[in-house]
């Protein structure tokens, strides 16, 4: 790839947090519903039906546009995008073509060399989602497809970037930043695993120094951040290999196979003229007043980039810790609420709170699929746990056990510690008694220490912890172990 430069543009589809669908009164909570139960003649595309615009969806796109530094159109309209596909019952999709709600925005990301780079956002427009095809195979090996119309008509926002990214890492930064913004301003759940945040990647390569763009290939509906990165890396190598072999790159649409780790040709890439766009005759244009924009702007909370700067300044967190916190609005809010339980802001304490939320909370979120705001953990109980650690009433291992219990089942850390017998031993006589027993049972370790092998202290500390069932205070035990060993010299 040293000869080539990769050019990447992303199209992100994000389902909006509206109560009803885009053009009808059907409820939008289709994820947990039985197939084909959240439908009506409008979202099924029956002849003679009339769509009605969901005002809330328009407001959420305006809100996103403001957050992404876009200009908001004073007038917008809907268009018919015509194409035949089984998941599109009408034979066309109601979308926006030449008059999107928002355009000409930008989002700053960090490059591979840790420099700030501005990724331009071409447009943000509003449309309806399509139905869902479920591909099956029966016991005889015959393949067939089922159609679930529940998703058809869900309010869908499309955010289209300019081709300003040059690596999979930059694309990942852009996606993560965009993901945290739409979640923090409350316009979308942005759950990729549920399909409410989907990405299409447009990728081309060209010789370094060449100003002309190469033929672009679109990779459709990639469903995880990791898959976006893998798909881009695979595709840039595939295209480079074609050019090095003297072959041409075909402008086409390809799908991504996560299992195979390859892209697969689906169809020749369509152009705008193929969709035969024309204004939607059943919907009037929308006038967006300055007062409306001002009112929506006043509802936008602190954006992740600003929150990160404040966390670094006020709580003296590292950029790394702050980055992880602000990527999830629930974690960021939990962090701040927890910090209010401490009288003063100390770097050690804020670092500890961030670690418990980012590391241990992140682990349980991944393992149990429970976000911290839906867990049974409270900010008060986490603050009490950290205080117990600072007072050496617990060690790190027992604290993790208590944290897991609070996260999953709730409770007070001191009560859990008492109930589970996890309070740390700080009684010097008890600790010395355990040390004497360990030394008695490990004469070879004493011999090794006398011969200069100080690493044996770590081994003996492990044996003391084993003897005390993990409850000995290491800050008390380690000096005592050294003192006892010195007596054998």
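Derivation of every value follows stated rules applied to the coordinates shown; laboratory data play no part. Nothing here was measured: the structure is a model prediction, and the numbers come from that model. Don't worry about glycine lacking a Cβ; one is built from the backbone with ideal geometry, like all the others, and counts go over all protein chains shown.
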FRET efficiency (residue 412, residue 114; Cβ distance; R0 41 Å; to 0.05) is 0.45
In degrees rounded to 10, the 0-90 angle between helix 456-467 Cα long axis and the longest Cα principal axis of the chain is 90 degrees
Ordering 283-293, 183-193 by per-residue average of other C-beta atoms within 10 angstrom, highest first, gives 183-193, 283-293
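Given the chain, what percent of its DSSP beta bridges are antiparallel, to the nearest 5?
Details: 59 of 63 bridges.
Beta bridges within the chain, antiparallel portion: roughly 95 percent.
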Given 333-340, 151-158, the highest-first ranking by average Cβ count within 10 Å works out to 151-158, 333-340
Which of (1) 1.48; (2) 1.09; (3) 1.25 is the computed Cα Rg over 2.2 N^0.38 Å? It is (3)
At 25 °C and 0.890 mPa s, the Stokes-Einstein diffusion coefficient in µm²/s for the stretch 304-420, with hydrodynamic radius from the Kirkwood sum on alpha carbon pairs, is 173 µm²/s
Between the alpha carbon centres of the stretch 170-202 and the stretch 313-370 the gap in Å comes to 21 Å
Dimensionless Rg/Rh of the stretch 175-227, both radii on Cα and Rh by Kirkwood, sits at 1.13
Gyration tensor on Cα atoms of the stretch 428-486, a ≥ b ≥ c root eigenvalues, a/c under 1.5 rounded, else prolate if a/b beats b/c, else oblate, says prolate
With 0.36 nm assigned to each residue of separation and the Cα-Cα distance removed, residue 273 to residue 429 gains 47.7 nm
Rounded to the nearest 10, the angle in degrees between the Cα long axis of helix 474-486 and the longest principal axis of the Cα atoms of the chain comes to 40 degrees
Simple spin-label estimate for residue 166/residue 83, 7 Å along Cα→Cβ, in nm, reads 3.0 nm
For the chain, the longest principal axis of the Cα atoms and the Cα long axis of helix 168-184 enclose an angle in degrees, to the nearest 10, of 90 degrees
Most exposed first, judged by fewest Cβ atoms within 10 angstrom, 274, 129 run 274, 129
For the stretch 422-471 the mean separation of alpha carbon contacts under 8 Å (6+ apart) over residue count, i.e. relative contact order in percent, is 46 percent
Once both label points are put 7 Å beyond Cα along the C-beta direction, the residue 318-residue 370 separation in nm becomes 2.9 nm
Debye calc, one equal point scatterer per Cα of the stretch 4-295, no solvent, log10 I(q)/I(0) at q = 0.07 1/Å comes to -0.27
By the Cα gyration tensor axes a ≥ b ≥ c (a/c under 1.5 gives rounded; else a/b larger than b/c gives prolate, otherwise oblate), the shape of the stretch 93-178 is oblate
By the C-alpha gyration tensor axes a ≥ b ≥ c (rounded if a/c is under 1.5, else prolate when a/b exceeds b/c, else oblate), the shape of the stretch 360-489 is prolate
Expected sort for 380-390, 14-24 on mean C-beta neighbours within 10 Å, highest first, is 14-24, 380-390
